[in-house]
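Presented below is the structure to which this report refers.
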C-alpha cells in the first residue's frame, strides 16, 4: 500500500520547489536545456539494434534502476 498523498511523489521520489528569485528559478531550466543539447532521440529501431555490451550494462543496472 502506498503512503497517503500523491502517488507520483511516492513512486517517483518527486519534490516540489518554489523559487521567488527569478535568477534562481531559471537555473533548473538552464540545466535541462543544457542536457537537451547533448541528447538525441532514440528510435525503436535504435533500441532494438543496441549492442551486446549495452544489453549487459542494462542487466547489471537492474537492481539500482529505481535510483537512476
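Where a number appears in this text, it was derived from the coordinates with a stated rule and is not lab data. Because the structure is predicted, anything quoted here is derived from the model rather than measured. Every residue, glycine among them, receives a Cβ derived from its backbone with ideal geometry; neighbour counts consider all protein chains shown.
Segment residue 16..residue 45, full-extension length gain: 6.9 nm, with 0.36 nm per residue of separation and the alpha-carbon distance subtracted. Roughly how tilted is helix 22-37, in degrees to the nearest 10 and between 0 and 90, from the longest Cα axis of the chain? Long axis of 22-37 versus the principal axis of the chain: about 10 degrees. Take the Cβ atoms of residue 60 and residue 29, set R0 to 30 Å, and the FRET efficiency comes out at 0.35.
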